[in-house]
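Read the structure below first, then the notes.
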Amino acid sequence: MSLECLERAFARDSVSAHDYTTECNKLLLQYKTVSQMISQEELADFPQKYRLNCPAASRRLEVGIPSTIEHSSSS
């Protein structure tokens with residue numbers, strides 16, 4: 001849930017863009033490391049299996065880069 005909390009905090013402007021980007025990159029790297037150890041099916045089923053409501057984190061994991069980078073490169 002750390003990524004979900006981070007995404008929500010950034011959306012509320014409770015965390016600076018620099019701190020958000022640093023922490024988000026760290027969490028995405030950890031996710032990518034873990035995702036190489038378990039099946040994609042297990043990863044996809046995880047939120048539903050544990051009844052997690054984490055749409056912002058799910059979106060960020062799909063995109064694979066922090067929002068600050070995603071939106072700065074699309075401008």
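The values are calculated or read from the model by the stated rules, or taken from the named source; none is laboratory data. Small disclaimer: the values here were computed from a predicted structure and weren't measured. Quick reminder, even Gly has a Cβ in these numbers, built from the backbone with ideal geometry, and neighbours come from all protein chains shown.
Considering each residue of segment 1-34, count those that are hydrophobic (A, V, I, L, M, F, W, C) and either at pLDDT below 95 or touching a Gly at 6+ places or on another chain (Cβ under 6 Å) (or both), and give that number.
2
Name, by its number, the condition in (1) at pLDDT below 95; (2) surrounded by 11 or more Cβ atoms within 10 Å (Cβ to Cβ); (3) part of a helix (DSSP H, G or I) that does not hold for residue 48.
The failed condition is (2).
Quick one: which of 41, 23 is out of contact with any Phe, Trp or Tyr (no Cβ under 7 Å at 6 or more places or on another chain), assigned to a helix (DSSP H, G or I) and surrounded by fewer than 16 Cβ atoms within 10 Å (Cβ to Cβ)?
Numbers: 23 fails: surrounded by fewer than 16 Cβ atoms within 10 Å (Cβ to Cβ).
Exactly one residue qualifies, and that residue is 41.
In segment 51-62, how many residues are more than 15 Å from residue 6 (Cα to Cα) and surrounded by 10 or more Cβ atoms within 10 Å (Cβ to Cβ)? Break it down stepwise before answering.
As a first pass, look at segment 51-62 and keep what is more than 15 Å from residue 6 (Cα to Cα): 51-52, 62.
Okay, now just the ones that are also surrounded by 10 or more Cβ atoms within 10 Å (Cβ to Cβ), so 52.
Of the residues in segment 51-62, 1 are more than 15 Å from residue 6 (Cα to Cα) and surrounded by 10 or more Cβ atoms within 10 Å (Cβ to Cβ).
Take segment 8-18 and flag every residue that is surrounded by 13 or more Cβ atoms within 10 Å (Cβ to Cβ) and farther than 19 Å from residue 58 by Cβ.
Within segment 8-18, 15, 17 meet the criteria.
Counting only residues that are aliphatic (A, V, I, L, M) and without any contact (Cβ under 8 Å) to a residue 24 or more places away in the chain, which one in segment 44-75 is nearest to residue 13 (Cα to Cα)?
Among them, the one singled out is 63.
Could you tell me which residue of segment 63-75 is farthest from residue 17 (Cα to Cα), considering only residues that are surrounded by 10 or more Cβ atoms within 10 Å (Cβ to Cβ) and among the small types (Gly, Ala, Ser)?
Once the filter is applied, the top-ranked residue is 64.
Give all pairs with beta carbons closer than 7 Å in which a residue from segment 1-23 that is in contact (Cβ under 8 Å) with a residue 40 or more places away in the chain and of a type in the set (Phe, Trp, Tyr) meets a residue that is assigned to a loop (DSSP other than H, G, I, E, B) and surrounded by 12 or more Cβ atoms within 10 Å (Cβ to Cβ); count only pairs at least 6 apart in sequence or on separate chains.
20/66
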